[in-house]
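Reading through the structure tokens given below for one structure.
The values are calculated or read from the model by the stated rules, or taken from the named source; none is laboratory data. All of these numbers come straight from a predicted model, not from anything done at the bench. Counting neighbours? That spans all protein chains shown, and the Cβs are built from the backbone with ideal geometry, glycine included.
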Amino acid sequence: MTHPLDAQAPKRTVGRLSKAERRQQLLDTALVIIREEGADRLTLGHLATRAGVSKPITYEHFATRVGLLTALYKVLDAQQLQILQKALRSVQQHAKDTADVLAIAYIHCSVDTGGESHAVRAALSGSEEMGVVQQELLAGYVQLFCATLAPHSSLSPAALHRCCVGLVGAGEALSVLLLSGQCSEQEAATAFSSLIQGGLLQSSSQQP
């Protein structure tokens, strides 16, 4: 699947780009650097060289390396969320179908971005900014899980929210397992679907 951030190194552009276009060019180039050289090589100076711009331009857009990595992580996450939302539009009314589609789409997102989001996350590990951003983005996935699973759950909104927090955490752990080569995509998706269905069964057992 083609990424919104082009997989090929962006060509040096003749003429003046708008601020938004320049930012997109820099993000495109940053992703290419991560794919070809690894996240450790992604610095503002190296980005300027690869993008064919002066170093002050990269600092104007991102200020710091952490700012660049954070912006890139948000873009990759938004791409994953769009893929997941699109897949959920075809969800059937049955709980198992819903769990299967949710699990398959969530796990596939990790493969579809080639692990770049995990590479960026690792590069940001330990930074205060990453903690804030990750909590914000994971909260978006929790809300999506709650909205998707609510029709199949008898849990109170608060209890369902706690359940979905756990499910999203499990999905992240299974994605890491997959990307490290310890299981296949199908195995990860099957395990995740079972966990989702288990959470729904638990809610059913709590009905009066």
message = Condition first: closer than 21 Å to Glu21 by Cβ, of a type in the set (D, E, K, R), at pLDDT 90 or above and out of contact with any Ser or Thr (no Cβ under 8 Å at 6 or more places or on another chain). Can you find one or more residues in the stretch 72-84 that meet it?
response = no
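With the structure loaded, tell me whether Glu187 is in a helix (DSSP H, G or I) and either modelled with pLDDT of 95 or more or touching a strand residue (DSSP E or B) at 6+ places or on another chain (Cβ under 7 Å) (or both) or whether it fails that test.
In short, yes.
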inquiry  = When the residues of the stretch 85-112 are narrowed to those that are modelled with pLDDT under 85 and among the hydroxyl-bearing types (Ser, Thr, Tyr), which ends up surrounded by the most Cβ atoms within 10 Å (Cβ to Cβ)?
reply    = Ser110
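For a quick check of your reading: which helices (runs of 4 or more DSSP H) sit entirely within the stretch 39-89 and have at least 3 residues that are closer than 12 Å to Leu26 by Cβ and more than 22 Å from the chain's Cα centre (by Cα)? If you could, list the steps in order and put the result at the bottom.
Working: elements: 44-51, 55-62, 65-88.
Hits in the stretch 39-89: 44-51, 55-62.
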message = Give all pairs with beta carbons closer than 7 Å in which a residue from the stretch 42-70 that is over 17 Å from Ser18 (Cβ atoms) meets a residue that is part of a helix (DSSP H, G or I) and charged (D, E, K, R); count only pairs at least 6 apart in sequence or on separate chains.
response = Thr43/Arg65; Leu44/Lys55; Leu44/Arg65; Gly45/Lys55; Ala48/Lys55; Val66/Glu129; Thr70/Glu129
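If you scan the stretch 130-164, which residues turn out to be hydrophobic (A, V, I, L, M, F, W, C) and under 15 Å from Gly198 (Cβ atoms)?
As a first pass, look at the stretch 130-164 and keep what is hydrophobic (A, V, I, L, M, F, W, C): 130, 132-133, 137-139, 142, 144-147, 149-150, 155, 158-160, 163-164.
The answer is Phe145, Leu149, Leu155, Ala159, Leu160, Cys163, Cys164.
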